[in-house]
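Structure first, commentary second.
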Amino acid sequence: MNHSTRTARLKISERAFTLLELIIGIGLIGIVLTGVYKVASASIMLSDKVLTRQHDDMHMHSFMSVMKRNIEDIPGNAKINMEPPQGSGGVVRAEIAFEDYPLAFSWAGVAAGSKMIFIVSGPDNALQGATKIEILYLDQEEAEIYLENGSLSQDMGMSIVLMSGLKSVTWNFFDQRDKEWKEDWSREDHSNDRPSMVYMEIAFLDDSEPIRSYYWVPTVEDPAAVARATQSGNSRGNGRTSGSRGNSSGDRRGDSTDGRGDRGRGDRGRSDDGRKGSGGRGPVRPPTSSGGKRPTGSSGLPGGPGRGK
């Protein structure tokens, strides 16, 4: 009996784990689970950052599209004005006014027909030291108050925030007459004209690469001046037609060679493939350096010698 009992006990001890082996096994399992948790957490954080960045990029793309559409589609009788920027707590406040542009920045739920519409960049109350961009709509009465006082009050108009949490927003306006960029476009200095280009630069709180964009502004045409020029051209054309009626048929035949010669000279303005030449109009878009950085040596662009700084 004793021999059989000892044999059974030895078989049981061979199949069981000791306390030390259990502790080592639990430790190894804990190390493996910790590594798996860290990898999973890093993957989740990376996925969140990617989604956040994609959302921010889509938001910025939509914002730039809205700005481009509303600035470059401004009608001929509308006006653009911006008083000199003012500093407030380290954040610069700028107010760009669109006058007689009732369809600017119109969305569902926003009644079209505002007398004046503003792009306001200023302090963001939700974040200390940050800047936001909002649209402000003024009706007829509020626009008259603004024109009389020359400034906006906090209770004027209805506002919609387009961007928030920015570091700074910079505006510049290109004066075609002086061939230089200006930091403001005040009503007193430019009461009857508009800038030919608008430059906007947005800096971010994380000191990432700023967003820079140029917007072309349509040229203002005075309908009365266009009508007078058209009438004057028609009268000169009629005078030339009536004066040429006394010429003989021989003169007409003699002039035919000159006419062909004029056509030959006129064709010099065309390229070999039949398309019209540029006519000295210059580039369609202002040149920019690689990487989207602000040009440093281009005349007439922000940061170039054209600003006179």
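The values are calculated or read from the model by the stated rules, or taken from the named source; none is laboratory data. Nothing here was measured: the structure is a model prediction, and the numbers come from that model. Using ideal geometry, Cβ is built from the backbone for each residue, glycine included, and neighbour counts are taken over all protein chains shown.
Tell me whether the range 85-96 contains one or more residues that are over 18 Å from Glu201 (Cβ atoms), at pLDDT below 90, assigned by TED's automatic domain parsing to the domain that holds Glu188 and surrounded by 14 or more Cβ atoms within 10 Å (Cβ to Cβ).
No, that holds for no residue.
Filter the range 152-166 down to residues that are on the phi < 0 side of the Ramachandran plot and touching a residue at least 40 places away in the same chain (Cβ under 8 Å), then give me how many there are. Reasoning before the result, please.
Narrowing the range 152-166 to residues on the phi < 0 side of the Ramachandran plot: 152-156, 158-164, 166.
Remaining after also requiring touching a residue at least 40 places away in the same chain (Cβ under 8 Å): 152, 158, 160, 162-164, 166.
Selection size over the range 152-166: 7.
Within the range 178-188, which residues are modelled with pLDDT of 85 or more and on the phi < 0 side of the Ramachandran plot? Walk me through how you get there before you give the answer.
Taking the range 178-188 as the starting set, the residues that turn out to be modelled with pLDDT of 85 or more are 178-186.
Of everything in the range 178-188, those that are modelled with pLDDT of 85 or more and on the phi < 0 side of the Ramachandran plot turn out to be Asp178, Glu180, Trp181, Lys182, Glu183, Asp184, Trp185, Ser186.
Output the residues belonging to the range 112-127 that are over 19 Å from Ser186 (Cβ atoms) and free of Cβ contacts under 8 Å to residues at least 24 places away in the same chain.
Ala112, Gly113, Asn125
If you take just the strands (runs of 3 or more DSSP E) that sit entirely in the range 89-187, which of them hold at least 1 residues that are of a type in the set (Asp, Glu)? Quick ask: steps written out before the conclusion?
Working: elements: 91-99, 116-123, 131-138, 158-175, 180-182.
Fully inside the range 89-187 and qualifying: 91-99, 131-138, 158-175, 180-182.
Looking only at residues in the range 188-218 that are part of a strand (DSSP E or B) and of a type in the set (Gly, Ala, Ser), which one is nearest to Glu72 (Cα to Cα)?
Here is the first cut: in the range 188-218, the residues part of a strand (DSSP E or B) are 197-204, 211-216.
Now narrow it down to the ones that are of a type in the set (Gly, Ala, Ser): 203, 213.
Values: Ala203: 23, Ser213: 12 Å.
Among those residues, the one meeting the criterion is Ser213.
Just checking, how many residues over the range 42-81 are of a type in the set (D, E, K, R), exposed (fewer than 14 other Cβ atoms within 10 Å of the Cβ) and not in a helix (DSSP H, G or I)?
Counting residues in the range 42-81 that are of a type in the set (D, E, K, R), exposed (fewer than 14 other Cβ atoms within 10 Å of the Cβ) and not in a helix (DSSP H, G or I) gives 1.
In the range 15-41, how many are assigned to a helix (DSSP H, G or I) and either touching a residue at least 60 places away in the same chain (Cβ under 8 Å) or of a type in the set (Ser, Thr, Tyr) (or both)? Quick ask: steps written out before the conclusion?
Going residue by residue through the range 15-41, those that are assigned to a helix (DSSP H, G or I) are 15, 19-41.
Narrowing further to those that are either touching a residue at least 60 places away in the same chain (Cβ under 8 Å) or of a type in the set (Ser, Thr, Tyr) (or both): 34, 37, 41.
Going through the range 15-41 one residue at a time, the tally reaches 3.
Can you name every residue in the range 171-184 that is in contact with a Lys or Arg (Cβ under 9 Å, 6 or more places away or on another chain) and crowded, with 17+ Cβ neighbours inside 10 Å? Write out each step before concluding.
Step one: of the range 171-184, the residues in contact with a Lys or Arg (Cβ under 9 Å, 6 or more places away or on another chain) are 172-175, 180-183.
Hits for the range 171-184 are Asn172, Phe173, Phe174, Asp175, Glu180, Trp181, Lys182.
Among the candidates Ser62, Ser43, single out the residue that is among the small types (Gly, Ala, Ser) and closer than 28 Å to Arg212 by Cα.
Working: Ser43 fails: closer than 28 Å to Arg212 by Cα.
Sole residue among the options that is among the small types (Gly, Ala, Ser) and closer than 28 Å to Arg212 by Cα: Ser62.
As an exercise: evaluate Asp100 against (1) at positive phi; (2) charged (D, E, K, R); (3) at pLDDT 90 or above and give the number of the one condition it does not meet.
Failing condition for Asp100: (3).
All but one of (1) touching a residue at least 12 places away in the same chain (Cβ under 8 Å); (2) over 25 Å from Ala94 (Cα atoms) hold for Gln54; state the number of the condition that does not hold.
(1)
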